[in-house]
């Protein structure tokens, strides 16, 4: 079955530091998305990286995708307190799984002043 | 600009009672619509998606049903709530199935 999974449950950094959240998945995908969810809110997409892309950037965010190892990473540079949130990777399936977005368990990131 | 609205914001219901949650999208015609459920501190689980009016695909069965009575409206319901239905319900929309999903503010449900 298709499964997306972040490798860490929680990370803690100080403002200004860089941090990387990793994600692994099973089976083939058409794209992988990174979402951020702040407490009590719905998730907001940060980056969508398609299976034929290796890297994508969005401001301080950089996502990579390695389809051979079925893994992805999201790096945040110059972190700020407002980056504190839960970060999810989510995979889009192919074939019978088209239309299904599977989320990982999420990584809690805390950025301390 | 597109806006997504969910109602109610929060609900406390008794086990065995019925439930109806709503979602509307303004500013976008023929969106793909989705329902998700999130247990407290848990991940998001996709429940249903709909490509067009009157058509709903079930992804996970949790004794819930969904309907799309209008192009801009998606309804999640059940006739009998279970304790396990407690959680955060999120509606989302996208342009295509394999595209960015935009989430609503969510409805928090507590079943007692």
Averaged over all directions, how much area does the convex hull of the C-alpha atoms of segment B:16-102 cover when projected, in nm²?
-> 5.5
Could you list A:82, A:17, A:92 in order of exposure, starting from the residue whose Cβ has the fewest other Cβ atoms within 10 Å?
-> A:82, A:17, A:92
Length-normalised contact order of segment B:3-111, Cα under 8 Å, at least 6 apart, in percent, tallies to 36
Segment B:57-77 versus segment B:1-38: alpha-carbon centroid distance in Å = 9
Most exposed first, judged by fewest Cβ atoms within 10 angstrom, B:26, A:100 run B:26, A:100
What nm value, rounded to one decimal, do you get for the distance between residue B:110 and residue A:22 when each label is placed 7 Å out toward the C-beta?
-> 3.9
Gain on full stretching of the segment that runs from residue B:2 to residue B:71 - 0.36 nm per residue minus C-alpha separation = 23.5 nm
Long-range tail of P(r) for the protein assembly as shown (Cα pairs > 31 Å, %) = 21
Working out 0.36 nm times the residue gap between residue B:83 and residue B:55, then minus their Cα-Cα distance, what length gain in nm do you get to one decimal?
-> 7.3 nm
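Please work out the Kirkwood hydrodynamic radius for chain A, using every pair of different C-alpha atoms, and report it in angstroms with one decimal place.
One over the average 1/r among Cα pairs gives 14.0 Å for chain A.
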Please tell me the relative contact order of chain A in percent, rounded to the nearest whole number, where contacts are Cα pairs under 8 Å and at least six residues apart.
-> 37
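To the nearest 0.05, how large is the calculated FRET efficiency for residue B:9 and residue A:68 if R₀ is 45 Å and r is the Cβ-Cβ distance? Each step should come with its number before you reach the end.
Working: r = 45 Å, r/R0 = 0.99.
After rounding, the FRET efficiency stands at 0.50.
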By counting other Cβ atoms within 10 Å of each Cβ, how are A:36, A:62 ranked from fewest to most?
-> A:62, A:36
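None of the figures in this text is laboratory data; all of them are computed from the coordinates on show. Everything numeric in this text was worked out from a predicted model, so none of it was measured. Neighbour counts are summed over all protein chains in view; Cβ atoms, including those assigned to glycine, are modelled from backbone coordinates with ideal geometry.
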